[in-house]
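S.K.: I'd like to ask you about the structure that follows.
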Amino acid sequence: MQSDEVPQAKAKGAAIPFTTANMKDGLKLRRLKLESLTKCGYFVHKENGKSVHVANYYGQDGQLHQQKFRDGDKNFWFTPTVDNATQPKKCQLYLQNIWGDKYDKKVVITEGELDAISVAQATQFKMAVVSIPAGVGSAVDAVKANYRWLDRFEEVIFWMDNDEPGQSVIPDLAPLFPGKSKVIKVEGFKDASDMLQDGKEGDVYGAVWSATLYTPEGIINAAACVDDMDEPEGEMIAEFPWPIVQENTRGIREGEVTYHVAGTGIGKTSQIVEIQDLLLKNGIKFGVMRFEDTRRKAQLDLMSLRAGRRLHLDPLPKEEMRELHTAVFGAGTVELFDPEKARWDFESIQGYLRYMVMALGCKVVFIDPLSFIVAGTNERDERKALDKVAYEFAQFVKHTKANLQIAHHLTRPEGKAHEEGAEISVNQIRGSGGIANFSMLILGYERNQQGSRPDLTRIRVLKCRWTGWTGIADVLRWDPVLGRQIVTDEPYPDSNDGDAPPSGFGAVEKEY
């Protein structure tokens, strides 16, 4: 019988070849035509006088990995067809192999193979239709395993069974594709196969085109919300590595966007790497999207903090580098954007973000710098583009409860430059209208590259929606040997006294 858990696969066996010998007229009771079954590779196999239905499941490599069998009592099981076969819930969705990249407008996801074939037949194979492998218990894992393929569609339509188990999984599935998830629920019928059996092929077709945008229940009387008092407003994912910032902002929180702003070469990236190192040490999964550097440099910066030396300038021997890499990244908690292979347009970036958060489980994603994403929009006016991106990111974190940490530039002030220690204000943030409105936390970094202490950086909290606190926070001292910014009690010089900089420091490189 149907189960919410993926059955334990049996030992590997030879794949049973497709045949029409046992269904020469298709599946009459299901009103499925032989042509439809043949296109889908679904067939009836007879052995020892018993008939079973067979559906093929392909791995992400495009090879046949599993065959699913279903008997007359609705019991089903999987048999792997290759060594080290992919688990059913990690395979491609059923029928995904026949669509490939042919369609990108609508994709319908059903609960069973016969439902998928029914919809495909009713829509004349003119749109993508797939099925999860083994009941609603496999739905979320199966969808996440194929997230990138599904996310390219403009509409992701869920047609789960019209029963309690089928409907209960929709709130877990639909939010994976915010803004484009749609649902189908036809009263009086359990699923698409039931509708087809009742001779309502046209209604199956119509149901797809009348799918409704998923909207969770959104209005409730406050009197019924007393249990909300037991829930935190938004949990803290991790602490900031700077004590004054942490005390006054209450940390890196779910559903927030933090902007790190400073002049050129002040040290935005080095601050972000410090936060990444803290997350690594606490086993918190995060994604890194750096546009100015290679993925190798993004890894070296984190490895450098662990090694206590700047590895891009002073590398370890090859084997020690590999051992250090395993020690830092072996737990699999860091997902990297590959700037050499990935697409840079804004829609693709949004897709990568959703994939990192919704499918890979990243709690925090770092974007450095924002200007590269803005350049990937279709908006020619930079200010409008910044407003659009800031709005989309604010909406994204509210939908997903993720946290975004974003490096961004400042406009050039009148008079003293930020690189000469000018104090930062919100209205100096490039495109400040959108970012000021849609951000939850803004941290500014001030440093006088030409003053007596170019090794000191001051953090200024420009906005904190959670606590409301703003003002001067921690002072950091650059350690050129360790290659990191260390919290110090030394006073930050407010003016340039004209002394020469201490030897061995100078201007920080752009990636720091």
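S.K.: Does segment 446-456 contain at least one residue that is within 33 Å of the chain's Cα centre (by Cα) and of a type outside the set (A, V, I, L, M)?
M.R.: Step one: of segment 446-456, the residues within 33 Å of the chain's Cα centre (by Cα) are 446.
So of that shortlist, the ones also of a type outside the set (A, V, I, L, M) come out as 446.
Yes: one or more hits.
S.K.: Tally up the residues in segment 93-118 that are assigned to a helix (DSSP H, G or I) and either polar (S, T, N, Q) or not assigned by TED's automatic domain parsing to the domain that holds Pro165 (or both), please.
M.R.: The qualifying residues number 3.
S.K.: Here is a further query. If we keep just the residues of segment 293-310 that are of a type outside the set (Gly, Ala, Ser) and in contact with a strand residue (DSSP E or B) (Cβ under 7 Å, 6 or more places away or on another chain), which is nearest to Ile442 (Cα to Cα)? Spell out the reasoning first.
M.R.: Initial filter on segment 293-310 (of a type outside the set (Gly, Ala, Ser)): 293-297, 299-303, 305-306, 309-310.
Cutting the leftovers down to in contact with a strand residue (DSSP E or B) (Cβ under 7 Å, 6 or more places away or on another chain) gives us 295, 305.
Values: Arg295: 26, Leu305: 24 Å.
Residue satisfying both the conditions and the ranking: Leu305.
S.K.: Working carefully through the options Glu111, Glu47, find the one that is within 30 Å of the chain's Cα centre (by Cα) and of a type in the set (Asp, Glu).
M.R.: Numbers: Glu47 fails: within 30 Å of the chain's Cα centre (by Cα).
Among Glu111, Glu47, only Glu111 is within 30 Å of the chain's Cα centre (by Cα) and of a type in the set (Asp, Glu).
S.K.: Exactly one of these conditions fails for Lys416: (1) closer than 27 Å to Gly451 by Cα; (2) at pLDDT 90 or above; (3) surrounded by fewer than 16 Cβ atoms within 10 Å (Cβ to Cβ). Give me its number.
M.R.: (2)
S.K.: Taking the options Glu235, Glu239, Glu231, name whichever one is at pLDDT 85 or above and either surrounded by 20 or more Cβ atoms within 10 Å (Cβ to Cβ) or farther than 30 Å from Asn448 by Cβ (or both). Explain how you work it out, then say what you get.
M.R.: Numbers: Glu239 fails: either surrounded by 20 or more Cβ atoms within 10 Å (Cβ to Cβ) or farther than 30 Å from Asn448 by Cβ (or both); Glu231 fails: at pLDDT 85 or above.
Just a single option satisfies the conditions, and that option is Glu235.
S.K.: I'd like the full set of residues that are surrounded by fewer than 22 Cβ atoms within 10 Å (Cβ to Cβ) and of a type in the set (A, V, I, L, M, F, W, C), limited to segment 157-172.
M.R.: Listed by number, the list holds a single entry, Ile170.
S.K.: Do you know which residues across segment 197-213 are in a helix (DSSP H, G or I), charged (D, E, K, R) and free of Cβ contacts under 8 Å to residues at least 24 places away in the same chain? Reasoning before the result, please.
M.R.: So the first thing to find is which residues in segment 197-213 are in a helix (DSSP H, G or I), and the list is 197, 201-209.
Okay, now just the ones that are also charged (D, E, K, R), so 201, 203.
Hit for segment 197-213 is Asp203, nothing else.
S.K.: Is it true that some residue in segment 293-313 is modelled with pLDDT of 95 or more, basic (Lys, Arg) and not in a helix (DSSP H, G or I)?
M.R.: no
S.K.: Let me confirm something: among Phe396, Phe366, Phe372, which residue is touching a residue at least 60 places away in the same chain (Cβ under 8 Å) and under 26 Å from Ile244 (Cα atoms)?
M.R.: Numbers: Phe396 fails: under 26 Å from Ile244 (Cα atoms); Phe372 fails: under 26 Å from Ile244 (Cα atoms).
None of the others qualify; the one that does is Phe366.
S.K.: So Ser193 passes all but one of these: (1) at pLDDT 95 or above; (2) under 29 Å from the mean Cα position of the chain (by Cα); (3) among the small types (Gly, Ala, Ser). Which condition number does it fail?
M.R.: Here Ser193 clears every test but (2).
S.K.: Take segment 243-263 and flag every residue that is touching a Lys or Arg at 6+ places or on another chain (Cβ under 7 Å) and either assigned to a helix (DSSP H, G or I) or under 24 Å from His418 (Cα atoms) (or both). Give the derivation first.
M.R.: At the first step, the residues of segment 243-263 found to be touching a Lys or Arg at 6+ places or on another chain (Cβ under 7 Å) are 254-255, 260, 262.
Selection gives His260, Ala262.
Rundown of residues vs (1) closer than 30 Å to Arg460 by Cβ; (2) within 20 Å of the chain's Cα centre (by Cα); (3) aliphatic (A, V, I, L, M), yes/no style:
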position	(1), (2), (3)
Glu256	yes, yes, no
Ser270	yes, no, no
Arg296	no, no, no
Arg310	yes, no, no
Leu324	no, no, yes
Ala327	no, no, yes
Asp338	no, yes, no
Arg343	no, yes, no
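S.K.: Kindly indicate whether any position in segment 289-308 is without any contact (Cβ under 8 Å) to a residue 12 or more places away in the chain, in the same structural domain as Leu462 (by TED's automatic domain parsing), more than 17 Å from Gln485 (Cα to Cα) and touching a helix residue (DSSP H, G or I) at 6+ places or on another chain (Cβ under 7 Å).
M.R.: no
S.K.: Here's something else I'd like to know. Residues in segment 265-287: is at least one among the aliphatic types (A, V, I, L, M), in a strand (DSSP E or B) and either buried (at least 24 other Cβ atoms within 10 Å of the Cβ) or at pLDDT 95 or above (or both)? First the steps, then the outcome.
M.R.: Going residue by residue through segment 265-287, those that are among the aliphatic types (A, V, I, L, M) are 266, 272-273, 275, 278-280, 284.
Filter again for in a strand (DSSP E or B), leaving none.
No, every residue in segment 265-287 fails to be among the aliphatic types (A, V, I, L, M), in a strand (DSSP E or B) and either buried (at least 24 other Cβ atoms within 10 Å of the Cβ) or at pLDDT 95 or above (or both).
S.K.: Which ones in segment 451-462 are farther than 18 Å from Ile272 by Cβ and not in a loop (DSSP other than H, G, I, E, B)? I'd like the intermediate steps shown before the answer.
M.R.: Taking segment 451-462 as the starting set, the residues that turn out to be farther than 18 Å from Ile272 by Cβ are 451-456.
Within segment 451-462, just Leu456 meets the criteria.
The values are calculated or read from the model by the stated rules, or taken from the named source; none is laboratory data. The structure displayed is predicted, hence computed values, not measured ones. Note: ideal-geometry Cβ built from the backbone for every residue, glycine included; neighbour counts use all protein chains shown.
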